[in-house]
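Encoded as structure tokens, the structure appears first; notes follow it.
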Amino acid sequence: MIVPAIPTPHIEAEKDAVAKTVLMPGDPKRAEFIAKTFLTAPVLINDIRGVHGYTGTYQGAPVSVMASGMGMPSMGIYSYELYAAYDVRNIIRVGTAGGLCERVRLRELVIAQGACTDSNYASQYHLNGTFAPIADYGLLSKAVAVAENHQFKYCVGNVLSTDMFYTDNDGRLDSETSVNMWGKMGVLAVEMEAAALYMNAARFGRRALAVCTISDHLMTGEALDALSRERTFTDMMTLALETAAAVNHDA
Ligand code: HPA
């Protein structure tokens with residue numbers, strides 16, 4: 001495992017400019033919105049590739065927010081550099097996911113206890129079996145407590161981190177196959193980043209959690225409109241930020 005020097009190929013921030021807890025939406029514009037809407041005194045710390053990173057405070061706790069980009073390779077790069085070079089302790093992904101089974105409904109939050117994947121990311125570890133990427137239990141249990149406290153609608157369970165948004169089979173999502181294959185195993189939702197984040201956290205002995213809003217449903221074909229996305233996004237941010245503020249930032 002290499003430890004990239006600072007600045008890393010993708011992050012130009014000074015080492016101390018990055019908080020020990022980082023929230024990661026997929027979208028750089030989202031990162032900017034989160035920082036400017038929810039953080040106190042946000043300061044721009046990264047602008048490479050337009051991947052804006054900010055550090056500020058939330059309820060007095062230092063928190064950074066920086067985009068992961070889309071997909072496991074991109075999440076893999078940013079979370080690796082944050083853990084290895086910047087000594088980040090906690091990364092919380094905040095994203096969207098497609099519902100895969102009836103247990104989850106549009107707008108609900110999914111707290112990803114585990115992340116199955118169709119990607120080859122784990123092959124780098126040369127294990128003689130299948131690794132099960134899981135969330136940090138401390139972050140997970142705190143997030144559940146926050147969700148209960150606010151009476152958010154949420155589910156805790158497995159997600160699928162897929163490499164493919166569009167597939168050959170049905171044009172966009174391979175919805176039927178995903179629902180049949182993964183839904184039958186109780187996998188709640190499909191997204192594209194959590195498994196890489198959980199594997200990097202495991203390899204570096206750090207903590208990670210992914211929280212997703214169900215923005216579309218593969219069984220029903222429903223999708224959130226812009227206004228509903230905004231509302232549920234605010235719930236997800238409250239969940240992630242209160243979790244971030246409550247964790248031990250040095251552990
Ligand atoms: N597939 C992959 N990622 C997603 C989806 C999906 O259906 N919906 C939201 N993120």
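Taken together, the values in this text are just the output of simple stated rules run on the coordinates, not laboratory data. The model shown is predicted, which means the values in this text are computed figures rather than measured ones. Here the Cβ is made from the backbone with ideal geometry for all residues, glycine too, and neighbour counts use every protein chain on show.
Couple of notes before you dig in:
- Modelled this way, with points 7 Å down the Cα-to-C-beta line, the labels at A5 and Y166 are 4.0 nm from one another.
- If only the Cβ of Lys and Arg carry +1 and only the Cβ of Asp and Glu carry -1, the dipole of the chain around its Cα centre is close to 500 debye.
- Listed residues N90, N158, N120, most fluctuating in the chain (Gaussian network, C-alpha, under 10 Å): N120
- Computed from backbone phi, the HN-Hα couplings of the stretch 62-70 come to x, 9, 9, 9, 8, 6, 9, x, 9 Hz, rounded to whole numbers (Karplus: 6.51 cos²θ - 1.76 cosθ + 1.60, θ = phi - 60°; Gly and Pro given as x).
- Each part gets one Cα centre, and for the stretch 35-58 versus the stretch 111-163 those centres are 26 Å apart.
- Annotation: amide H-H contacts under 5 Å for A208 (H modelled 1.01 Å from N, sequence separation of 5 or more, or interchain): I91, D136.
- Length available on full extension from H150 to N120: 0.36 nm per residue minus the Cα-Cα distance, which gives 7.0 nm.
- Bridge type composition, the stretch 1-99 - antiparallel percent by DSSP, nearest 5: 60 percent
- For the stretch 97-126, the residues whose backbone nitrogen is under 16 Å from a point 7 Å from the Cα of R231, taken along Cα to Cβ, are 105-109.
- Were the residues from Y137 through M219 laid out at 0.36 nm apart, the gain over their Cα-Cα distance would be 26.6 nm.
- Counting beta carbons within 10 Å around each of I91, I111, I2 and listing the fewest first gives the order I2, I111, I91.
- Globularity ratio of the chain, using Cα Rg and 2.2 N^0.38 Å: 0.94
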